[in-house]
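The values are calculated or read from the model by the stated rules, or taken from the named source; none is laboratory data. Since this is a predicted model, take the numbers as computed values, not measurements. So basically every Cβ, Gly included, is an ideal-geometry build from the backbone, and we count neighbours across all protein chains shown. The accessibility values were calculated without ligands, DNA or RNA, using every heavy atom of the protein model including side chains. Shrake-Rupley method; radii C 1.70, N 1.55, O 1.52, S 1.80 Å.
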Amino acid sequence: MTPGAELATTARHSAASLREQLHAGRRELRERYRADGKAQQMLRLHRLLIDRTLRSLWSEAALPASLALAAVGGYGRGELFPHSDVDLLVLLPGEPDAELRSKLEALIGSLWDAGLEPGHGVRTIEECLSESAKDITVQTSLLEARWLAGSRSLFADFTRAMRGQLNPQAFFQSKRLEQEQRHGKFQESPYSLEPNLKEAPGGLRDLQAILWISRSAGLGENWMDLAARALITAIEARQLASYQKFLNELRIRLHYAAGRREDRLLFDYQAGLAAQFGYADTPSKRASEQLMQRYYRTAKAITQLNTLLLQNIAVELFSGEDSLPEILNERFQTAHELLEARDPELFERQPNAIMESFLLLQQHSELKGMSAATLRALWRARARIDARFRRDPANRALFLQILQQPRGIVHELRRMNQYSILGRYLPAFGRIIGQMQYDLFHAYTVDQHILNVIRNLRRFTMVEFAHEYPQCSRLMAGFERHWLLYVAALFHDIAKGRGGDHSRLGMRDARGFCRAHGITREDTELVVFLVEHHLTMSSVAQKQDLSDPDVIKAFASTANSERQLTALYLLTVADIRGTSPKVWNAWKGKLLEDLFLLARRLLRGDGIGFEQDIQAKQDEALRLLRLYALSDEVKDKLWSQLDVAYFLRHDAQDIAWQTRTLHYRVDADRPVVKARLSPIGEGLQVMIYTRDQRDLFARICGYFEQINYSIADARIHTTRHGYALDTFLLLGPGNNPHYRDMINLIETDLADRLQRQTPLHPPTRGRVSRQLRHFPITPGVNIRPDEKGARFALSILAGDRPGLLYAIALVLGKYEINLITAKIVTLGERAEDVFLISGAALANPKTVLQFEAELLDALQLK
């Protein structure tokens, strides 16, 4: 055996031994932590365990004494969580030769063999300086470097070089910008139902950012150092230490629960973590909700103190740019682009100034916030917002002015919420702060969802966002007193968690607010209507047949006026978009817009004469066909086989597309499948034309399930001569499915399967999402006949999963149920589908019971 091979074999044996020691040490740490719960001790002992392992490996690597090994990042500052990265820097005095490169590669391999999974860099001092100059994240990580092994003099040179390159003012600006960008990824809110306790606003990263900045500026190494510099009070320093301790404990336990690096407080772990913290279910709150509300209170306090400290540090760092305060009025002035109370006791002596401070921030765009002293005074004075304060006409007028300003509405409402002003002024709002929503489609707590809805409404007023929803932007531009929509948004979900219908309960709160604030009777009725019916339009658009004139008439009679209809449409779009990024799609947008336009025609007195509508659609379809050099006669053979229902349910563009495709193969022997990019801008539209066959719908659903595409809408039609003419809207997986690439595959593959009538595969239960595993939905089936008893509305409620629609289709086929239309509604993890069906089996009550029982079984998550 050669010396090199012998050395490699020895290194592998050593690494294996160290791996066993490391695993044993980590198991011991875990058991000790479970017994005593001492977070800081666990982090320190874990760091020492890794230090010993690395020094052993470094020693055995026989590297030149001129090299150095350093811990960087979180490991460098001594905070090594159970499954955190072990970030390392190998410092070189110069460029390595081939022999040294080989030894370094062997070292890195031994780190992995020992079970460390390192994040590593191998650089000279010059390379470190170059990288840190280009990337603030790299610079931050390297500034936390801690010597582990090798040359102390090289490490000292590295430390001096890094400090010499550091510009505290530039570092401050970069870290503040980095924080703003990071907060933006989380919608500026810590109130996600599954928050990231490290990166989200109010998380550990906000605390670390302050200490990075303070250390870079020489202001202090810890919270008590900052208190000694009068940047925070001693009480605030102790609070920050307490918050950091709680988040550290939570993160340690989360890592152990997940068995990997995991910083998101997922539903999977919330109940288990709550039990570890000593919480138990009560009649009104789950243990997990109690834990999460503690987390939200902690995150809220951290965001407050983070803001305060950043402002105070900025004053320290940029004191050379001092300027005299500019007087705004007798109560306020500006200093360093911040609003400042001229009297430290202003809010105690004149509580009205509390509301005025937020209004001034809106009216002066040059202001970036409030000074630290003013924020502290505001926080201390929040208790002055009592019943007397709420009854004061001046305060009521100021609050309405805040809602009526041309800018800064959402920003100031968020600031008011952050400092507990909004919840004290609106006690009903205060009761839903941090309230969890276990409905599987909301991604935020109730209060943050409400603020998101207001944000969405505000975006309709801004020119820079007009491209997102042009119809909404046009309508908002012509809507007088659009601030009334913000009032409705404030109250639309404010009664959640009280028991009963939150729309009805919130309606009463909204009426009381409007009367107290002197809003006119007409405008009060608009706000109350919106709160009461904020779910109506979504339900009608997604679950009822918009080609049915009675549906449109009933909805229009609910809206009562075009102003109310417009307001309800705008609120509904903003509300759905504010629940979760997964809930909204272009198809839902089209359904809402179609319902709005049809109802508006009725309210304007134009009527919805469906015979005239059909003629108009046919005329437009013929015009479109002429663009393809097709004569008016090409339609005759196909259209003679289509009834009124077809023309009611399809628009002119679809009619022209299908006629152009089928006019020469009306009696086709083989199935015709055509796909195109959906005209609504999202998804694929697939048309299927074939002789009707048993289990056709199931066969189609099974195919789409296999290619991992979901059906958003299905329009089922049977021609007079027995052909199925079905149209599906499909949505692909992920954020950017390659729809165009799938068109040829679907057209050829699906047509072949329908021609061969391939056997139906057994239903699969599919993978159940983790949300559904923790918050399962009890399936529901409801069958209601129409007035004539010829058709039935089948409503399905179930937890969504792959293969669900296929399982339903199999049951429909077994009982020879004819499908007329399908409204597929998916709200996050919740499926609420409505099918219009017919069939002989539905006339027999006993058979209907069996049919319902089999459907329920198919819906179960097994």
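Details
- With respect to the chain, whose longest principal axis is taken over its alpha-carbon atoms, helix 204-216 is tilted by about 40°.
- Projected label distance in nm at Ala668 and Asp36, using a 7 Å step from Cα toward the beta-carbon: 7.6 nm
- From the coordinates shown, Cα extents along the principal axes in Å corresponds to which of [x] 127, 70, 65; [y] 92, 87, 58; [z] 86, 67, 59: [y]
- Put a dot 7 Å past the Cα of Phe465, heading toward its Cβ, do the same for Ser59, and the two dots end up 6.1 nm apart.
- Once the C-beta distance of Tyr628 and Ser365 is scaled by a Förster radius of 56 Å, the resulting FRET efficiency is 0.55 to the nearest 0.05.
- At the residue level, Tyr425 shows approximately 10 square angstrom of accessible surface with a 1.4 angstrom probe and all protein chains present.
- Solvent exposure ordering (accessible area, 1.4 Å, most first) of Lys588, Lys814: Lys814, Lys588
- Shape call, region 68-206: gyration tensor on alpha carbons, a/c limit 1.5: oblate
- Ligands, DNA and RNA are left out, and with a 1.4 angstrom probe the accessible area of region 820-862 is 41 Å² per residue.
- Residues Arg474 and Glu852, FRET efficiency given R0 of 41 Å [Cβ-Cβ distance, rounded to 0.05]: 0.35
- For the chain, the Cβ-based charge dipole about the Cα centre amounts to some 1880 debye (Lys, Arg positive; Asp, Glu negative; other atoms uncharged).
- Rounded percent of accessible protein surface that carbon and sulfur make up, region 594-690, 1.4 Å probe: 48 percent
- Considering only Ser538, Thr461, Leu505, and ranking their Cα positions along the charge dipole of region 447-562 that arises from unit charges at the beta-carbon of Lys, Arg, Asp and Glu, the one farthest toward the positive end is Leu505.
- Heavy-atom accessible area per residue - region 611-752, 1.4 Å, Å²: 45 Å²
- Region 473-601, accessible area per residue, ligands and nucleic acids excluded (1.4 Å, Å²): 37 Å²
- Rounded accessible area of Ile783 (nearest 10 Å², 1.4 Å probe): 30 Å²
- Inverse of mean 1/r across different Cα pairs in region 49-144, Kirkwood, Å: 13.9 Å
- Positive dipole terminus of the chain, leading residue within Leu328, Ala516, Gln169 (C-beta point charges): Ala516
- For the pair Arg563 and Glu326, label points projected 7 Å from Cα toward Cβ lie 3.9 nm apart.
- Here His738 sits with roughly 130 square angstrom of accessible surface, probe radius 1.4 Å.
- Among beta bridges that DSSP assigns inside the chain, antiparallel share in %, nearest 5: 90 percent
- Sulfur and carbon atoms: percent of accessible area, region 25-114 [1.4 Å]: 48 percent
- Entry note, region 203-302: relative contact order of 20 percent, from Cα contacts under 8 Å with a spacing of 6+ residues.
- 0 to 90° range, to nearest 10: angle between helix 845-859 axis and the chain longest Cα axis: 20 degrees
- The mean sequence distance of close C-alpha pairs (under 8 Å, at least 6 residues apart), as a share of the length of the chain, puts its relative contact order at 7 percent.
- Two-site FRET efficiency, Lys245 against Asn844, from Cβ-Cβ distance with R₀ of 56 Å, rounded to 0.05: 0.25
- Between region 401-416 and region 41-102, the alpha-carbon centres lie 50 Å apart.
- Share of carbon and sulfur in the accessible heavy-atom surface of region 226-326 [1.4 Å probe, %]: 50 percent
- Given +1 at the Cβ of Lys and Arg, -1 at the Cβ of Asp and Glu and no other charges, the dipole of region 31-84 around its Cα centre is 160 debye to the nearest 20.
- Against the main long axis of the alpha-carbon atoms of the chain, helix 521-532 sits at an angle near 90°.
- Positive contributions from Lys and Arg (+1) and negative ones from Asp and Glu (-1), summed over other residues with Cβ under 15 Å from the Cβ of Arg27, come out at +2.
- Where Cα atoms sit under 26 Å apart: lysine pairs in region 576-646 separated by 8 or more or lying on different chains: 5
- Considering only alpha-carbon pairs that sit under 8 angstrom and 6 or more positions apart, the relative contact order computed for region 423-543 is 20 percent.
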